[in-house]
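A short worksheet on the structure shown next.
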């Protein structure tokens, strides 16, 4: 039995993690969890899984929840609560499935506590990859990727020597607007942007997929997870989302991980690593699919991908600015306060306005993050 601590339980990845726990009650137990503001969903999860600890975003919700659930469940709130969930003494593994840079500090604390971490919160590595990976190396902590692309690379590397890797090839579906020109994106709506062709994801990630920032963040995440230069990370458009990513070795061999577009597969692999267990669901049938398609990514068309490569190569605090500007801009778009293409405009302005700090500490990263968000908000 493996005890699971779950940050972001009511989000898309969190709910699919609970599906895996639900499907294998003999393998996993939910020990602690955090949520944001979805108290109604939290009640259901608590009554089904009976975790010992729950953390919510604000005190008012914590007080409300405490009156409505069994007294055996401890309820906390805010950053202190997130850290308690991340470092829960009974947890064997932390699943970091929160959205945004809020996951950074709890992740660092979980590393210090010696927890194995299944990481789906790519913003943690984008914002402060140098701090996270240095801490993980120092503590001997494992970071297990949950994103389907990074899980694919991680799986393909099993039994291989990293010195033999020539290139990582990350696949991208192309998102909601893959068949539209830039001119056709001028007046797109939030509803249109949220209509992803392949994956069921949360709103923020779906918008990132439409802008291709999601793939840019994944490039930066791959750089940190697999310790590989940006010039050796490629992105190709693959409409079917069947090949989740590939590795090219220096003998010209290419290894790919294939599967149906179901996030519960990489989630379960992270929970069971280094083993695999049976899971229900549809099996991949390549004869049924018939053809797989691949196209070059046009970074003039998908400018957010170009911004991510640029910020990653510059390094230091530039990726913190990239992530904060993107989070702030996407939130404004979802509130119908800016247009879809304004997301790119605001990110570019924020990057251009920033004077890079090459090895920022945690306090500096937090200050830059907050300053960038205020900057973006001030442009509306």
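Comparing mean-square fluctuations of 114, 14, 216 from a GNM of the chain with C-alpha springs under 10 Å, the top value falls on 114.
Length gained on full extension, residue 356 to residue 236: 40.3 nm, using 0.36 nm per residue less the C-alpha separation.
Kirkwood Rh over alpha-carbon pairs of segment 315-380, then Stokes-Einstein at 25 °C and 0.890 mPa s: what D in µm² s⁻¹, rounded to an integer? Intermediate values should be presented prior to the final figure.
Working: Rh = 11.7 Å.
This corresponds to a translational diffusion coefficient of 209 µm²/s.
Under 17 Å from a label point set 7 Å out along the Cα-to-Cβ vector of residue 90, the amide N atoms of segment 44-80 belong to 45-55, 69-76. Of the beta bridges in the chain, as assigned by DSSP with both residues counted there, near 30 percent are antiparallel. Just 204, 59, 122 to compare: in a GNM of the chain, with alpha carbon springs under 10 Å, which one fluctuates most? Maximum among the listed residues: 59. Placing pseudo-labels 7 Å out from each Cα toward the beta carbon at residue 288 and residue 335 gives an inter-label distance of 4.4 nm.
Sorted into 10 angstrom bins from 0, the C-alpha pair distances of segment 150-302 split as 10, 37, 37, 14, 2 percent.
Structural size metrics of segment 250-380, computed from C-alpha coordinates, are Rg and Dmax of 20.1, 53 Å.
Ordered from longest to shortest, the equivalent ellipsoid semi-axes for segment 19-170 are 31, 17, 14 Å, each the square root of 5 times a Cα gyration tensor eigenvalue. Counting only the backbone N, which residues of segment 330-358 are under 19 Å from the spot 7 Å out from the Cα of residue 130 toward its beta-carbon? Hits in segment 330-358 for residue 130 at 19 Å: 351-358.
Relative contact order, percent, of the chain when contacts are C-alpha pairs under 8 Å separated by at least 6 residues? Can you show the working numbers first?
Numbers: 681 pairs, mean separation 56.4, N = 380.
About 15 percent, as a whole number.
Spin-label pair residue 310-residue 342: with each label point 7 Å from Cα along the Cα-Cβ axis, the two points sit 2.1 nm from one another. Among 140, 52, 100, the largest mean-square fluctuation in a Gaussian network model of the chain (Cα springs under 10 Å) belongs to 140.
Counting every other Cβ atom within 10 Å of each residue's Cβ, 87, 58 order from fewest to most as 58, 87. Please list, in order, the residues from segment 274-291 whose amide nitrogen is less than 15 Å from a point placed 7 Å along the Cα→Cβ vector of residue 22. Answer for segment 274-291: 280-281. When only alpha carbons are used to place a centre, segment 360-380 and segment 102-117 end up 22 Å from one another. A full extension of the chain between residue 253 and residue 195 corresponds to an added length of 17.3 nm, given 0.36 nm per residue minus the alpha carbon distance.
Spatial offset of segment 122-153 relative to segment 29-79 amounts to 27 Å, using the alpha carbon center of each. A straight chain from residue 50 to residue 367 at 0.36 nm per residue would run longer than the Cα-Cα distance by 110.4 nm.
Read-outs throughout are calculated quantities, based only on the coordinates presented, and are distinct from any laboratory measurement. Because the structure is a prediction, the values reported are computed rather than measured. A quick note on method: Cβ atoms are made from the backbone with ideal geometry, for glycine too, and the neighbour counts reach across all protein chains shown.
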